[in-house]
Structure formats: C-alpha cells, structure tokens
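*Asks:* Quick one: the structure is below, and I'll ask about it shortly.
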C-alpha cells in the first residue's frame, strides 16, 4: 500500500475541498458503493415501510431484536468498510467495490471497536450532550485505524484520542457542515442526498488522511546514485 503525503491542511474547508475533487475522480465506483449500502439497509427501512406503524407498535419486541442484530452485525461493520473505500479514494488509490467488504479481514476487532466507541460516546451524550460531542470528535479516527491500520479496538481508541489533539475543532466543523450539506441534498431529492453523503464521507476520510500523513508520513522512495 503506497500513497503520497497529503498536500492540503487538516482543516474542515480544505478537507471538504479535497474530498469534493476526489469524489468526482472516483464518482462511479463510489456511487455504486453508496447504492450497495442502501440496498443492504433496505431490510430495515423496507420492512418498516411495509409493516406500518400499527404492526410495529403491536410487535415491538419481535421487531427490535432482529433489526438490532442486523444493524450491529451487518450494517455497522459494512459502514466501516465504506469508510475505507472512501479513504482510498482521497489518497488517490484505486478504489474497488470489494474494498467495502474489507471489514471481514478483522471482523471481530471491527465489531468490538464499534461497540466500545459508541458506548463511550453514548455515555458522553448522557452527560449533558457536550461530553458526547467531544468524545465523538476525539474518536472519529477509530474506524479508519481499525480498518486501515488493522489495529485492535483499544489501540485504535487510544491512537485516535492522541491523533485528534489540535484537530478536534475541525472535526466538529466537518460535522456541523455535514448537517447543512445533508439538508441541501434532501432539497434536491434522492440523488442529491446520496451525493451529499458521499461528499461527507470523503471529507471525513480526507481529515484522517491529512492528519495521518503528517504524523506518519509515507516513506519516500530512496534514489540510489551509482558512483562513476
């Protein structure tokens, strides 16, 4: 795996700018990945629409468990695979649809990290919301570290916490801008929200890429000059 050092700053605006550019360079494959994750989400959203509110209200216990398990065991790990595909895109690497299924390589670590990260953020949200936002910003790189660096859950949490020092505010700004971008995508209907979501993914991946390449710069190719 080789890639060049990020040439843009780890700032919210720069990450959205780089993400927008790389999104269109890889639009077709990223769009297909977006459609696939939507299709995998259909068993939940589709059943909700077809069953109706009365059925769900009367069968809450039967409905919640399978939905929870499907979301946890399938959709959550797959969403982290999507992060990896978008990371490859912003790093200028070749993106393939199979990249979104890379979570199967270390499925146990992905699942445990997902549960632990969301548990910590959830505890923070209970603590008057603001701590939860701080935790979410500080742990924003966990999905990338588990998938990209093949870290275990605890190492990924610790590394993300230290990596985001000095960058948490820009990660927060990416999240704030994501709200307005999503609203804009909804205004232009179905295709718009897909593109908006793709852009947000590339922005988050760009932030990780920019910070990671500063902390762990890619090794430069050594040039050997023969002596005459």
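The values are calculated or read from the model by the stated rules, or taken from the named source; none is laboratory data. Because the structure is predicted, anything quoted here is derived from the model rather than measured. All Cβ positions, even for glycine, are placed from backbone atoms using ideal geometry, and neighbour counts span all protein chains on display.
*Asks:* Please go through (1) over 30 Å from residue 98 (Cβ atoms); (2) buried (at least 16 other Cβ atoms within 10 Å of the Cβ) for residue 127 and return the number of the only condition it doesn't satisfy.
*Replies:* With respect to (1) over 30 Å from residue 98 (Cβ atoms); (2) buried (at least 16 other Cβ atoms within 10 Å of the Cβ), residue 127 is out only on (2).
*Asks:* Which condition from (1) touching a residue at least 24 places away in the same chain (Cβ under 8 Å); (2) in a helix (DSSP H, G or I) is the one that residue 151 breaks?
*Replies:* Unmet for residue 151, out of (1) touching a residue at least 24 places away in the same chain (Cβ under 8 Å); (2) in a helix (DSSP H, G or I): (2).
Results for (1) part of a helix (DSSP H, G or I); (2) under 13 Å from the mean Cα position of the chain (by Cα); (3) modelled with pLDDT of 95 or more; (4) surrounded by fewer than 13 Cβ atoms within 10 Å (Cβ to Cβ), shown as yes or no for each residue.
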position: 66; (1), (2), (3), (4): yes, no, no, yes
position: 75; (1), (2), (3), (4): yes, yes, no, no
position: 85; (1), (2), (3), (4): yes, yes, yes, no
position: 103; (1), (2), (3), (4): yes, yes, no, no
position: 108; (1), (2), (3), (4): yes, no, no, yes
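Residue-wise test of (1) at pLDDT 95 or above; (2) assigned to a loop (DSSP other than H, G, I, E, B); (3) under 25 Å from residue 13 (Cβ atoms).
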{"residue": "162", "(1), (2), (3)": "yes, no, yes"}
{"residue": "171", "(1), (2), (3)": "yes, no, yes"}
{"residue": "177", "(1), (2), (3)": "yes, no, yes"}
{"residue": "193", "(1), (2), (3)": "no, no, yes"}
{"residue": "199", "(1), (2), (3)": "yes, no, yes"}
{"residue": "203", "(1), (2), (3)": "yes, no, yes"}
{"residue": "213", "(1), (2), (3)": "no, no, yes"}
{"residue": "219", "(1), (2), (3)": "no, yes, no"}
{"residue": "226", "(1), (2), (3)": "no, yes, no"}
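*Asks:* If I ask for residues that are in contact with a helix residue (DSSP H, G or I) (Cβ under 8 Å, 6 or more places away or on another chain) and either at pLDDT 85 or above or at positive phi (or both), which ones from the stretch 28-58 would you list?
*Replies:* 29, 30, 31, 32, 33, 34, 35, 36, 37, 40
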